[in-house]
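Structure first, then comments.
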Amino acid sequence: MTTRHDASSAYEQVQASPDFQELRRRYRNWAFPVTVAFLVWYLLYVILSGFARGFMGTKVFGNINVALIFGVLQFVSTFLIAWAYARHADRKLDPLSDKLRGEMEKTSNE
């Protein structure tokens, strides 16, 4: 039977391992820049909507104006980020995560 202390030390060992540190590095190197870029893009939309009403109200064709196009692009960029993250996770994060999980399960079965 595994005691609470043993389980805790196993998790601490995994956390201290080079593979786990690499997993964290890969995640952060992708997530932080994309998050900052999306927030800048979103805030640009909000600021332009509030302070550049003339520009945002510019009709592009028919009743479609710049604000509507930017608003739709917010949704498009959200879906693109989700797709890109899923692809990144499949290629870079999941294999290393699976390796760590396998090592952890092997350790807990011993």
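Sort out which residues of the stretch 85-110 are closer than 25 Å to residue 38 by Cβ, surrounded by 13 or more Cβ atoms within 10 Å (Cβ to Cβ) and of a type in the set (A, V, I, L, M, F, W, C), and write them in order of number.
If the condition is that a residue be closer than 25 Å to residue 38 by Cβ, surrounded by 13 or more Cβ atoms within 10 Å (Cβ to Cβ) and of a type in the set (A, V, I, L, M, F, W, C), then 89, 93, 96 are the ones that fit.
Any idea which of 97, 77, 9, 49 is in a helix (DSSP H, G or I), in contact with a Leu (Cβ under 7 Å, 6 or more places away or on another chain) and of a type in the set (Gly, Ala, Ser)?
97
If I filter the stretch 59-75 for residues that are β-branched (Val, Ile, Thr) and within 30 Å of residue 20 (Cβ to Cβ), do I get at least one hit?
The answer is no, given that none of the residues of the stretch 59-75 is β-branched (Val, Ile, Thr) and within 30 Å of residue 20 (Cβ to Cβ).
If you take the residues in the stretch 52-74 that are of a type in the set (S, T, N, Q) and either in contact with a strand residue (DSSP E or B) (Cβ under 8 Å, 6 or more places away or on another chain) or assigned to a helix (DSSP H, G or I) (or both), which one is most open to solvent (accessible area, probe 1.4 Å)?
Restricting to residues being of a type in the set (S, T, N, Q) and either in contact with a strand residue (DSSP E or B) (Cβ under 8 Å, 6 or more places away or on another chain) or assigned to a helix (DSSP H, G or I) (or both), the top hit is 58.
The values are calculated or read from the model by the stated rules, or taken from the named source; none is laboratory data. Remember, it's a predicted structure, so these values are computed and weren't measured experimentally. A quick note on method: Cβ atoms are made from the backbone with ideal geometry, for glycine too, and the neighbour counts reach across all protein chains shown. Surface accessibility is based on the protein's heavy atoms, side chains included, excluding ligands, DNA and RNA. Shrake-Rupley method; radii C 1.70, N 1.55, O 1.52, S 1.80 Å.
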